[in-house]
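Engineer: Provided herewith is a single structure, encoded as structure tokens, for subsequent inquiry.
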Amino acid sequence: DFPFPFIEDDPGSVILFRPDGDTDKHLFDLQGFVLRRLKDAGIAARDALDMDTYSAEDLFFSYRRTCHRGEDDYGRGLSAITLAEAP
């Protein structure tokens, strides 16, 4: 059911979902979704790092990795975006 609200809102977003071969769930391309929304909003300068927070354990916390390992707690990260006023 997760993909349907996205696809209803934008039929082209169907490319952001693919079936998970092991379950009846879908995998979601969050990075692709964000880049697409930024483009649609007219933001020309956008970039994405091709990094996997799950596998890059020395660089990132991962809630998903922690759950898969059955660990009790996980680290937290914080991101911020600021816009400077045009001169």
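Engineer: Going by amide H atoms built from the backbone, whose H comes under 5 Å of the H on Leu27, apart from near neighbours?
Structural biologist: Those lying under 5 Å, H to H, from Leu27 are Arg18, Asp20.
Engineer: Still on this structure, please answer the following. Return the sequence-ordered ³J(HN,Hα) values of the stretch 56-61 in whole Hz as given by the Karplus equation 6.51 cos²θ - 1.76 cosθ + 1.60 applied to θ = phi - 60°, using x for Gly and Pro.
Structural biologist: Values, residue by residue: 8, 4, 6, 10, 9, 7 Hz.
Engineer: Hey, another quick one. From the Cα gyration tensor of the chain, with a ≥ b ≥ c the square roots of its eigenvalues, which class applies: rounded if a/c is under 1.5, or else prolate if a/b is larger than b/c, or else oblate?
Structural biologist: In terms of gyration-tensor shape, oblate.
Engineer: Right, something else. Would you mind calculating the relative contact order of the chain from Cα pairs under 8 angstrom and at least 6 residues apart, reporting the percent as a whole number?
Structural biologist: Values: 54 pairs, mean separation 10.8, N = 87.
Relative contact order, the chain: 12 percent.
Readers should treat all values here as calculations from the given coordinates under stated rules, not as data from a laboratory. What you see is a predicted model, and the numbers here were worked out from it, not measured in a lab.
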